[in-house]
Amino acid sequence: MQRFSSSGRPKATAANAATTPDDDAGAAEEQVYLGRQPILDGRGALIAFELLFRSSLANFAVVTNDAEATAHVISRIFGDVGIHAALGGHTGYVNVDRTMLMSDIIELLPPERFVLEILETVEFDQALLDRCQALRSLGFRCALDDVSRLSPRFEEILPYIDIVKIDFLQCPRDEIEALVKVVKQHGKALLAEKIETLEDHEIAMRMGFEMFQGYYFAKPQVLSSRKTNASRTALLRLLVLLSGEPSIAEIEAELKAHPDLVVKLLRLLNSSAVGLTRTISSLHTAILVIGTRQVARWAQMLLFVDGNQLNLRADPLAELCGTRARFMELTANRIRPNDGRFSDTAFITGVLSLIYVLYGEATSDVVQRLPIDANIRRAVLNREGELGLLLNAAEATESGDYDAMSAACEPLPALKADDLAAIGLAAGAWYNYSVSPPRKDGETTSA
């Protein structure tokens with residue numbers, strides 16, 4: 001196993017990641033990566049991902065425990081694909097057990113990019129505490145996972161820990177309050193996991209939590225903090241227009257009705273994220289140079305940019321939308337490899353499947369007002385048709401639930417759960433490189 005560079009430069013492209021299970025006979029057996037769960041700060045900005053793994057003897061003939069499985073995944077994903085492809089510029093949380101912590105394998109990871117999340121099943125003794133301290137001296141941060149009760153032993157462990165994760169659904173409120181008080185006294189950071197509603201998020205904020213894990217930001221009620229303005233409505237109309245076969249004149253006419261939107265789009269197209277070698281000064285030139293397909297890609301990213309001015313790299317909803325749309329496109333290409341039109345429609349379906357968040361209304365109410373293709377409508381509203389099946393697969397992959405991923409593949413014989421995991425990684429890599437491509441020094445730029 002080789003040592004990683006601190007830059008995490010990729011050794012394969014995002015596109016390669018999507019086709020790995022077919023191209024490498026051994027890759028399908030090695031694939032245990034399931035996906036990522038977003039971690040946000042108090043502003044609602046995306047700051048990290050917890051990486052989800054699976055250990056299965058069916059896929060790991062020679063792997064006999066979770067530590068070896070995690071080591072194998074670390075080698076495969078971060079050695080072959082690249083840290084930036086998996087995480088962008090964000091931090092990665094990796095679950096570790098005692099064996100993994102005590103192993104030299106963990107030191108292969110660049111410490112500035114990873115938090116070591118110690119499982120709740122780990123029994124602490126002095127040797128393990130000393131190991132935590134040694135890893136922290138190397139630059140790693142250690143998080144204690146699934147803390148649910150206050151105990152004398154917990155307070156003894158705290159000096160060796162940087163972050164305490166509390167399961168907000170399982171831990172009683174009075175116990176959470178007691179834990180928060182002690183953690184704050186020791187100057188440690190607090191992360192609330194399984195935050196699924198705005199109400200839970202607000203309660204956790206009031207209690208003093210600083211980080212939040214869950215998909216609460218993709219719920220309609222979050223919309224109170226997002227502004228459904230004229231530009232967003234224009235972008236939505238543009239995306240619907242682009243789902244057909246419009247002329248350049250039709251696209252220009254739609255955009256020119258909103259000059260502020262044209263300015264935003266041109267600014268984005270001229271940013272380092274797009275990677276153009278010439279400056280684009282007019283909308284007509286932009287469409288000619290990059291094509292309507294790319295205009296649609298960047299328009300959808302602008303559509304989901306948060307009203308509180310988070311940039312694309314930090315906006316969790318934009319990341320979820322972009323990754324889901326790309327996932328839909330890649331899976332569509334897998335089941336219909338010679339049908340580019342179907343892949344484009346799948347991309348738009350992924351975007352529109354989250355549109356209800358922006359409007360704070362039922363999906364049916366929003367979709368019924370849009371002149372969209374009947375197949376897209378059926379997929380978004382009822383998960384029907386091939387597009388609906390792909391949308392189910394996307395949502396299962398986002399959850400990191402392997403059983404759900406397997407079930408989603410049953411009516412899609414061209415896909416298996418391991419394929420979904422690889423495509424999910426590729427979709428995330430596409431978004432990361434789109435909004436925050438690595439510079440030559442290995443750092444990232446923000447769109």
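The values are calculated or read from the model by the stated rules, or taken from the named source; none is laboratory data. Small disclaimer: the values here were computed from a predicted structure and weren't measured. When we count neighbours, we look across all protein chains shown, and the Cβ atoms used for this are built from the backbone with ideal geometry, even at glycine.
Among the residues in region 359-382, are any surrounded by fewer than 20 Cβ atoms within 10 Å (Cβ to Cβ), modelled with pLDDT of 90 or more and within 19 Å of the chain's Cα centre (by Cα)?
No: region 359-382 contains no residue that is surrounded by fewer than 20 Cβ atoms within 10 Å (Cβ to Cβ), modelled with pLDDT of 90 or more and within 19 Å of the chain's Cα centre (by Cα).
Just to be sure, is Ser137 without any contact (Cβ under 8 Å) to a residue 12 or more places away in the chain and polar (S, T, N, Q)?
So Ser137 fits the description; yes.
Considering each residue of region 317-358, count those that are surrounded by fewer than 24 Cβ atoms within 10 Å (Cβ to Cβ) and polar (S, T, N, Q), and give that number.
Total meeting the criteria: 4.
Could you look through region 165-205, keep only residues that are among the polar types (S, T, N, Q) and touching a residue at least 24 places away in the same chain (Cβ under 8 Å), and pick out the one that is farthest from Ser399 (Cα to Cα)? Full working, then the answer.
To start, the set of residues in region 165-205 that are among the polar types (S, T, N, Q) comprises 170, 185, 197.
Still in the list and also touching a residue at least 24 places away in the same chain (Cβ under 8 Å): 170, 197.
On the way: Gln170: 18, Thr197: 16 Å.
The qualifying residue farthest from Ser399 (Cα to Cα) is Gln170.
Specify which of the listed residues (Ala426, Ala404) is surrounded by fewer than 23 Cβ atoms within 10 Å (Cβ to Cβ) and either of a type in the set (Gly, Ala, Ser) or touching a Lys or Arg at 6+ places or on another chain (Cβ under 8 Å) (or both). Working first, answer last.
Working: Ala426 fails: surrounded by fewer than 23 Cβ atoms within 10 Å (Cβ to Cβ).
From the options Ala426, Ala404, the qualifying one is Ala404.
Restricting the first residue to region 115-134 and requiring it to be surrounded by 16 or more Cβ atoms within 10 Å (Cβ to Cβ), which pairs with a second residue that is among the small types (Gly, Ala, Ser) meet a Cβ separation below 6 Å and a spacing of at least six or different chains?
Hits for this filter: Val115/Ala143; Glu117/Ala143.
Test Ala447 against the criterion of being at pLDDT 90 or above, touching a helix residue (DSSP H, G or I) at 6+ places or on another chain (Cβ under 8 Å) and either in a loop (DSSP other than H, G, I, E, B) or among the small types (Gly, Ala, Ser) (or both), and give yes or no.
Judged against the criteria, Ala447 is not a match.
Taking the condition at pLDDT 75 or above and surrounded by fewer than 16 Cβ atoms within 10 Å (Cβ to Cβ), does Glu250 pass?
For Glu250, the condition - at pLDDT 75 or above and surrounded by fewer than 16 Cβ atoms within 10 Å (Cβ to Cβ) - is met.
Consider Leu391 carefully, then state whether it is modelled with pLDDT of 95 or more, assigned to a helix (DSSP H, G or I), within 19 Å of Gly244 (Cα to Cα) and of a type outside the set (Ser, Thr, Tyr).
Judged against the criteria, Leu391 is not a match.
State whether one or more residues within region 163-175 are among the basic types (Lys, Arg), under 31 Å from the mean Cα position of the chain (by Cα) and surrounded by 12 or more Cβ atoms within 10 Å (Cβ to Cβ).
yes
Which of the residues spanning region 102-118 are within 15 Å of Arg131 (Cα to Cα) and either in contact with a strand residue (DSSP E or B) (Cβ under 7 Å, 6 or more places away or on another chain) or outside the structural domain of Ile47 (by TED's automatic domain parsing) (or both)?
Ile106, Val115, Leu116, Glu117, Ile118
Return the total of residues in region 187-212 being touching a strand residue (DSSP E or B) at 6+ places or on another chain (Cβ under 9 Å), under 23 Å from Ile157 (Cα atoms), outside any helix (DSSP H, G or I) and not basic (Lys, Arg).
10
What are the pairs, 6+ residues apart or on separate chains, where a residue within region 141-164 that is touching a residue at least 40 places away in the same chain (Cβ under 8 Å) and in the same structural domain as Lys181 (by TED's automatic domain parsing) has its Cβ under 6 Å from a residue that is crowded, with 18+ Cβ neighbours inside 10 Å and among the small types (Gly, Ala, Ser)?
Ile163/Ala143
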